[in-house]
Amino acid sequence: MNDQKLFFKNFLIFSAKKSDALFPGSLLTENGKITEIYPAEEDVTIPDGCHIVEGNGRLLMPGLINSHSHIYSAFARGVAINPFSPTSFRQLLEQLWWRLDKALNLEDIYYSGILSGMDMLRNGVTTFIDHHASPNAVSGSLGKLVDACVNTLGLRGIFCYETSDRDGHQIARKGIEENLAAQKFNEQLPGKAAALLGLHASFTLEERTLESCAGYALPIHIHVAEGAEDAKLHRQNFGMTAISRLDKFGLLQEDSLLAHCLLVEDEDLKTIKKRNCRVVFNPQSNMNNGAGLPDYARFNDQGIQVNLGNDGYGFDLTRDMRTLLLSQHLLHKEPCAFGTGDLFDVVFRNNGEYASNILKSKIGKIEKGYRADLVIYNYTPPTPLTPSNFMDHYYFAIIENCKPEAVYIDGVPILEDGILQSVEEKKLTEACTAQCADFWKRF
C-alpha cells in the first residue's frame with residue numbers, strides 16, 4: 001500500500017459526480033485514497049510531509065475504466081492470416097480468433113498483458129475488465145495476466161476465462177477450474193484484482209457445462225447475441241433465446257456482465273432488468289465485424305445500465321466513446337438520439353459503479369474516500385469551459401487532442417510526462433516484439 005502523502009495543487013478538477021462536477025481546486029491523497037478536497041476559494045495549509053504535484057491549472061480527472069476487453073488479442077496486430085475470407089461472424093471467429101487463442105502459451109499471455117497494459121495506461125485507462133481464452137494454456141493463464149497487468153504495471157483488473165465447449169468438454173472443465181481459482185484474487189490483491197465467472201457464448205456451451213457453472217452462483221461475464229448465427233442457432237437448437245437459456249440455468253446472477261446484446265428480443269430486456277444484470281457495448285468491434293450496432297435507447301428505456309468496453313479492438317477507450325455517440329445518431333438517424341450527457345452516464349457513472357462493486361473498492365470519481373486513480377491532461381480551452389459544458393469539451397476536444405501527461409493509481413505515479421515510471425518501457429517493448437515473433441511462427 002502506498003503511504004506517501006500527495007498534494008495535487010491548483011488543478012481544474014473533474015470529479016465525475018453529477019453535482020460539483022467541475023471546479024478549480026486541490027486535493028490530498030494518503031495511503032492511496034483521496035482524503036481531502038479543497039475548492040480554490042478555500043485557504044489551505046498544505047500538510048507536512050506532502051509531495052506536491054503542481055497543477056498550474058491543468059485538468060485532473062479520474063482514471064478511465066474499460067468494461068470489456070480481450071488482452072489476448074494484443075499479438076494480432078499485423079499478423080498474416082491465410083486463408084482469411086470470412087463471410088459470417090462465426091467464420092471470423094474460426095479463421096482468426098479461435099485459431100489465435102489456440103496458439104497462445106503462458107509467455108504469450110504474459111507479454112500480451114504487458115503490451116495491452118502499457119497502451120491502456122498511455123490512454124488514461126486505470127481499470128479494465130478482461131475476457132480471456134487460451135485453450136491450450138488454460139491453467140495459470142489468469143495468474144499470468146495479473147502478474148503482467150497488476151503486479152508489473154500497477155493497473156486494476158477484473159479477470160475471467162471464457163469457458164467454452166468448442167474445444168471439447170475437458171477444456172471447458174479446465175476453464176471452470178481456472179475461473180474458480182481466480183476468485184481468490186480479491187483476497188490476495190484487495191481492491192486491485194477480482195474475478196467473474198467467464199463463459200464464451202451460449203451457442204458454444206453444452207447443457208452440462210451450463211448446469212455445472214450455475215452451481216457456483218457467481219456473476220458471469222459472457223458474450224450475448226453478438227452475431228446473427230447466435231440468435232438463429234438458439235431458436236433452432238433450443239427453441240429459445242440465448243438470454244432465456246442462460247436464465248433457465250439460473251446463470252443470470254446479479255452483476256452479471258453481458259457483452260454486446262445486439263440482437264436481444266424485447267422479452268430478453270425484461271429478464272436482464274429483472275435479474276439486475278449489466279450490458280456492455282463495444283461499438284467499434286461490432287462495426288469492424290459487420291455485426292450491427294447496439295441500441296442504447298432500448299436498454300435505457302428499460303432502466304438497464306449500459307457500460308462501455310472495446311472488445312480488445314485496441315486499448316484506447318476514448319475511441320469507443322466517439323464511436324458510441326456517432327453510432328447512435330446513425331442508428332436512429334437523429335442527431336439528438338444520444339448526447340454527451342448519456343456518454344457521461346455510461347462512461348463515468350456506470351463503468352465506475354460496476355467496477356467498484358466487483359473490486360470492493362471505490363473508484364471512478366474524485367471524492368473523499370475514493371481510491372486516488374487520477375489522470376492529468378494539459379488542456380487549454382479555446383472556448384468558455386463551464387460545469388455544464390465540460391462533457392462537450394471532453395468529447396470534442398480533449399479526447400481528440402490530448403494524451404495523459406500523468407497517471408496515478410492508488411496515488412502512485414505510474415506515468416509521468418508520458419513515460420511509464422515503474423518499468424523500463426523500451427526493454428518491455430523489445431521483449432513483447434520478440435515473444436510476438438515466436439508466437440507468429442506457431443500461429
Next item on the list: Go ahead and set up a Gaussian network model of the chain, Cα springs under 10 Å, then flag whichever of Ser26, Ser388, Ser88 fluctuates most.
Entry: Ser388
Check: Which value, in Å² and to the nearest 10, is the accessible area of Thr340 when all protein chains are kept and the probe is 1.4 Å?
Finding: 20 Å²
Margin query: Could you compute how much accessible surface Ser134 exposes when probed at 1.4 Å, giving the result in Å² to the nearest 10?
Written below: 0 Å²
Check: R0 = 45 Å: FRET efficiency of Arg235 with Thr380, Cβ-based, nearest 0.05?
Finding: 0.25
Check: Using a 1.4 angstrom probe and counting only protein chains, how large is the accessible area of Arg173 in Å², to 10?
Finding: 70 Å²
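If you roll a 1.4 Å probe over the range 39-140 with all protein chains in place, what percent of the accessible area is carbon or sulfur?
Carbon and sulfur atoms account for 49 percent of the accessible area of the range 39-140.
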Note to self: Let me check something: with ligands and nucleic acids excluded, how do Tyr377, Tyr313, Tyr111 order by accessible area (1.4 Å probe), largest to smallest?
What the structure shows: Tyr313, Tyr111, Tyr377
Next item on the list: For the chain, build the charge dipole from Cβ charges (+1 Lys, Arg; -1 Asp, Glu) around the Cα centre, then report which of Ile243, Leu153, Phe203 sits farthest towards its positive end.
Entry: Phe203
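For the chain, report the accessible area per residue in Å² (1.4 Å probe, heavy atoms, rounded to an integer).
Ligands and nucleic acids excluded, the figure is 40 Å² per residue.
Per the helix-only calculation at 222 nm, which mean residue ellipticity applies to the chain, given -39500 (n - 2.57) for every DSSP H run of n ≥ 4 and division by its residues, nearest 500 deg cm²/dmol?
Only helices count here, giving -9500 deg cm²/dmol.
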Check: Largest first, what is the accessible-area ranking of Asp108, Asp342 with a 1.4 Å probe?
Finding: Asp342, Asp108
Checklist line | Listed residues Asp345, Asp167, Asp320, most fluctuating in the chain (Gaussian network, C-alpha, under 10 Å) | finding: Asp167
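The values are calculated or read from the model by the stated rules, or taken from the named source; none is laboratory data. These figures come from a predicted structure and were not determined experimentally. Backbone-built Cβ (ideal geometry, glycine too); neighbour counts: all protein chains shown. Note: accessible area is taken over every heavy atom of the protein model, side chains too, but ligands, DNA and RNA are not part of it. Shrake-Rupley method; radii C 1.70, N 1.55, O 1.52, S 1.80 Å.
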